[in-house]
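Worksheet: the structure to be examined is printed underneath.
The values are calculated or read from the model by the stated rules, or taken from the named source; none is laboratory data. These numbers were taken from a predicted model, which means no experiment stands behind them. Heads up, the Cβs are rebuilt from the backbone with ideal geometry, glycines too, and the neighbour counts pull from every protein chain shown. Ligands, DNA and RNA are stripped out before the accessible areas are found, and what is left, the full protein with its side chains, is counted by its heavy atoms. Shrake-Rupley method; radii C 1.70, N 1.55, O 1.52, S 1.80 Å.
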Amino acid sequence: MRSELLNYTMLNRLVLLTLLGLTIGTFNPTFGQDADTIPLFDYSSKKEFEIGGIKVLGNNYSDENAIISISGLKVGDKIRIPGNSVPKAIKALWRLRLFTDVQVRQEKTIGDVIFLEVLVEERPRLSRYSYTGVKKSLHDNLNEEVDRYLLKGGIVTDNVKVNAQEAIEEYFIGKGYLDAQATVQEFPDSSRVNSVRLEFNVDRGERIKIRNISFTGNDNVKEKKLQKQLENTKKKGRLFGSSKFIQTEYETDKQSLVTFYNNIGFRDARVIGDSVWRDEKGLLRLNLEIDEGNRYFFRNIAWKGNSIYDGQTLSDVLGIERGDVYNQELLETRLRFSQDGRDVSSLYLDNGYLFFQVDPVEVAIVEDSIDLELRIFEGPQATIDKVIIAGNDRTHEHVARRELRTLPGEKFSRSDIIRSQRELVALGYFNPENLNINTPVNPQRGTVDIEYAVEEKPSDQLELSAGWGGNRRVIGTLGVSFNNFSLRNIFNKEAWRPLPMGDGQRLSLRAQTNGDFYQSYNVSFTEPWLGGKKPNSFTIAGFYNRFAFGTRNTSSYQTFNIIQGSLSLGTRLKWPDDNFVSSTAINIQTLSLNNWLQGLFRTDEGGVVSTGSYNNFSIKQTIARSTVSDPIFPRNGSTISLSVQFTPPYSLFNNRDYSEDPVEERFRWLEYHKWRFDAEWYTPIAGKLVLKAQAKIGLLGFYNRDIGTSPFERFQLGGDGINNQQFGFAGVDIISLRGYEVADLEANIDQTGVQSATPAFDKFTLELRYPLSLNPSSSIYVLAFAQGGNAWRSLRDFNPFDLKRSVGMGLRVFLPMFGTLGFDYGIGFDKRGNNLSDLGDFNIILGFEPE
């Protein structure tokens, strides 16, 4: 016979019957054990016992002492049977929600001493859970949702399972899968005692698209214009656009709709209602009801509290005139912060008034006009107390500090902080995403501390590659660039980690070879702050290149050697502003050719420069201006550079007739003037999407018509700008043109049908860039481009609008140790060929971004 259980419901009845004075006989509380083996509680008469001991049975996970403590039963306490002590103990344990069954029974009695047993049946514990019906790539995202409710080793209840199931459904609903459903199954797990595993079966269904979005109450704005304001909630049918309904984004779009109305003068506009329903095909239809209100205009704008600047000066900066449409966003931008620095706040903050505040107050609204009073609190000027640099683990503090425009003792200036931030990023040593600026203020002293919290990132580069050079066989490259080198610590053993670093100097070593055929060795060193007090850069560089064809000691053996050394000195200018840099370089170069018949160097008449020794002594002057902060992925700013490289006009110093001289004598001392103009401009379009515009122009001129254009220092336009190994070693500027090989441009083929460089080129580019990752260890972005360029064999033929056009897309990956890697695929519209495969051109980028 199965014993009657003393559960929660029966105890309630027991207490009730006892209170009514009824006799209920005996009760046998057992876990399915034979009643003859279990002593019974005798309820025939009330009796008081002293608890002599308490045991807990059935607890696999719960602590025995904790169970006894929570039950309220203690050894030595007096209890009555029947009485309320046992029911209270069971109720207390039930409230824990840890057990599916709780019983208290008598183990034995010795006189007036009773020994009790507390029997519990624990709820199952979760051992693991899994998913079916969804891709494995989504499991981590779903884990984040269900982990809020499920804990491995935790108790599994129906409520917990329902919450986890609903979390999965809400995740997919939030992605636009409005019909997503999830079910859960529970299975015993034999690997652990009293454990279960859960399996979630997910059917996300199809993403529900929006059929139509309509508006009511929009009397002044067309429906299409309103639909454009809903950036995330779009109806289907758009090219390259997705249609989905996500509630959180929908609420954000409704607020954007109100903001749009506010910015065109409807300051009281609001969305007073909306309807969302499914049509017969299951597609969504949305209707938004709008109360536009009245349209308002600025009328009188008065300044109050200003003493540093007069009202007219402030109004000029504000730039809002009487009769302009009322625009709250424009007002806030012009008062507090504008990207272009045109705001009243900048006027004060750049003059030390850190405590400046301005509060616009609407003092009158007359029909459709609003009067404003702009109440100013100027406060005292703040002085910079401490300037702190934190986080520079490798870069020495003086290297970062010398780039700062904020100095202790000077007046606070927001523009100086912004410029300092840009200069720190431009060093290339710190992660721009994690560069923070803190400005703790001491109002009592009228001072402010400025803390630049930086995070070091790898800046050195290693180039290790091998490329196939066609009949020139494999060309191996080994190069290292230490961009934060420290020459003064080179003999300090403790500074080698693994090399002495931290002083901001740049040391570059590079070697290329495939044996006797091709060898190239380059070395350069740059000190950006010569003397340590002013930003005067000093660079010394040299290289040796050697090419050879044929078999030694035969008439077919051809060689070309070049040796160059250069010194350059650059300085930062103060006029027109301190974004300008001037650089002057002196170059000495010797070129030696022996039977060189590769067709690279040609005169204007088509003559081949194949034998002889040629000297190239030149001076190069460059004026550049840069406001770009992040060199890896610029988002705004520009870089403009104009350079002229010239040799002395040797032929003008004598009366010699060069027209009859052989090539070796005519160009023994090269004379030319070479001009380069390069410009880049970056601006954000939407979010992280950045537009880059670029222009490049190069011209090579001569002094003496009898000598003509130098066969060296010309330009080679076309290809990827990297793999033109036949030109890459010396004497020619390599410029890429995506979508075109070098031979695709007519100007690159001279009158004898041989490929050679040209004295003039131009190239114009538009690029859309979007970053996939801006992690310092791996910056990745994709791009789409439109490009046009051309080359000409004489300056007279130069026409900047005669362009070879191309479009395409590409990918860039910047790895600190290896530089820029990537590819481009371009389609040249003006190439010869009818098939798409003939028009397309695939380029690889290895180590650095080509010109």
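Observations, loosely collected:
Residues are listed down the side, and each one gets a yes or a no for (1) more than 20 Å from GLN328 (Cβ to Cβ); (2) within 35 Å of the chain's Cα centre (by Cα); (3) charged (D, E, K, R):
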{"site": "GLU186", "(1), (2), (3)": "yes, no, yes"}
{"site": "SER195", "(1), (2), (3)": "yes, no, no"}
{"site": "ASP203", "(1), (2), (3)": "yes, yes, yes"}
{"site": "SER214", "(1), (2), (3)": "yes, no, no"}
{"site": "ASP219", "(1), (2), (3)": "yes, no, yes"}
{"site": "GLN229", "(1), (2), (3)": "no, yes, no"}
{"site": "PHE260", "(1), (2), (3)": "no, yes, no"}
{"site": "SER275", "(1), (2), (3)": "yes, no, no"}
{"site": "ARG285", "(1), (2), (3)": "yes, no, yes"}
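- Residue selected from the stretch 785-804 under the condition part of a strand (DSSP E or B) and free of Cβ contacts under 8 Å to residues at least 40 places away in the same chain, by the criterion farthest from ALA747 (Cα to Cα): ALA786
- Number of positions in the stretch 755-777 that are open to solvent by less than 30 Å² (accessible area, probe 1.4 Å), of a type in the set (S, T, N, Q) and assigned to a strand (DSSP E or B): 2
- When residues in the stretch 778-787 are screened for being open to solvent by less than 30 Å² (accessible area, probe 1.4 Å) and closer than 19 Å to LEU717 by Cα, 2 of them pass.
- Any hit, the stretch 454-463, residues being farther than 28 Å from SER773 by Cβ and either in contact with a helix residue (DSSP H, G or I) (Cβ under 6 Å, 6 or more places away or on another chain) or open to solvent by 80 Å² or more (accessible area, probe 1.4 Å) (or both): no
- Test: residue in the stretch 662-671 that is more than 23 Å from GLY565 (Cα to Cα), open to solvent by 20 Å² or more (accessible area, probe 1.4 Å) and modelled with pLDDT of 90 or more: no
- Extreme residue, farthest from the chain's Cα centre (by Cα), among residues of the stretch 613-643 that are open to solvent by 50 Å² or more (accessible area, probe 1.4 Å) and under 17 Å from LEU700 (Cβ atoms): PHE617
- Scanning the stretch 586-611 for residues that are part of a strand (DSSP E or B) and either in contact with a His (Cβ under 6 Å, 6 or more places away or on another chain) or among the β-branched types (Val, Ile, Thr) (or both) turns up ILE586, ILE588, THR590, VAL608.
- Odd one out for ASP140 among (1) closer than 30 Å to ALA180 by Cα; (2) touching a Gly at 6+ places or on another chain (Cβ under 8 Å); (3) among the acidic types (Asp, Glu): (2)
- Residue check for ASN306: touching a Leu at 6+ places or on another chain (Cβ under 8 Å) and either modelled with pLDDT under 95 or crowded, with 18+ Cβ neighbours inside 10 Å (or both): yes
- Qualifying positions in the stretch 104-135 - in a strand (DSSP E or B) and farther than 24 Å from GLY153 by Cα: VAL104, ARG105, GLN106, GLU107, LYS108, THR109, ILE110, VAL113, ILE114, PHE115, LEU116, GLU117
- Pick from the stretch 394-403, criterion open to solvent by 70 Å² or more (accessible area, probe 1.4 Å) and in contact (Cβ under 8 Å) with a residue 60 or more places away in the chain, ranking: farthest from ASN484 (Cα to Cα): HIS398
- Test: residue in the stretch 822-835 that is touching a strand residue (DSSP E or B) at 6+ places or on another chain (Cβ under 8 Å), within 30 Å of PHE482 (Cα to Cα) and aliphatic (A, V, I, L, M): no
- Of the candidates ASN159, ASN163, the single residue that is modelled with pLDDT of 90 or more, within 27 Å of ASN59 (Cβ to Cβ) and either open to solvent by 40 Å² or more (accessible area, probe 1.4 Å) or polar (S, T, N, Q) (or both) is ASN163.
- Being open to solvent by 90 Å² or more (accessible area, probe 1.4 Å), hydrophobic (A, V, I, L, M, F, W, C) and under 28 Å from ASN65 (Cα atoms) holds for only one residue in LEU98, LEU126, LEU116, LEU151, and it is LEU151.
- Any hit, the stretch 267-274, residues being in contact with a helix residue (DSSP H, G or I) (Cβ under 7 Å, 6 or more places away or on another chain), in a helix (DSSP H, G or I) and open to solvent by less than 40 Å² (accessible area, probe 1.4 Å): no
- For the stretch 526-538, filtering for residues that are without any contact (Cβ under 8 Å) to a residue 40 or more places away in the chain and either basic (Lys, Arg) or open to solvent by less than 40 Å² (accessible area, probe 1.4 Å) (or both) leaves 4.
- Scanning the stretch 275-299 for residues that are part of a strand (DSSP E or B) and either of a type in the set (Gly, Ala, Ser) or more than 27 Å from VAL221 (Cα to Cα) (or both) yields a single hit, SER275.
- Given (1) more than 29 Å from the chain's Cα centre (by Cα); (2) modelled with pLDDT of 95 or more, index of the condition GLU367 fails: (2)
- Single unsatisfied condition, SER307 versus (1) farther than 29 Å from LEU230 by Cα; (2) touching a helix residue (DSSP H, G or I) at 6+ places or on another chain (Cβ under 7 Å): (2)
- Any chance TYR740 is over 19 Å from LEU783 (Cα atoms), of a type in the set (Ser, Thr, Tyr) and either touching a residue at least 40 places away in the same chain (Cβ under 8 Å) or open to solvent by 20 Å² or more (accessible area, probe 1.4 Å) (or both): no
- Of all residues making up the stretch 404-430, the number that are open to solvent by less than 50 Å² (accessible area, probe 1.4 Å), outside any helix (DSSP H, G or I), at pLDDT 90 or above and not aliphatic (A, V, I, L, M): 6
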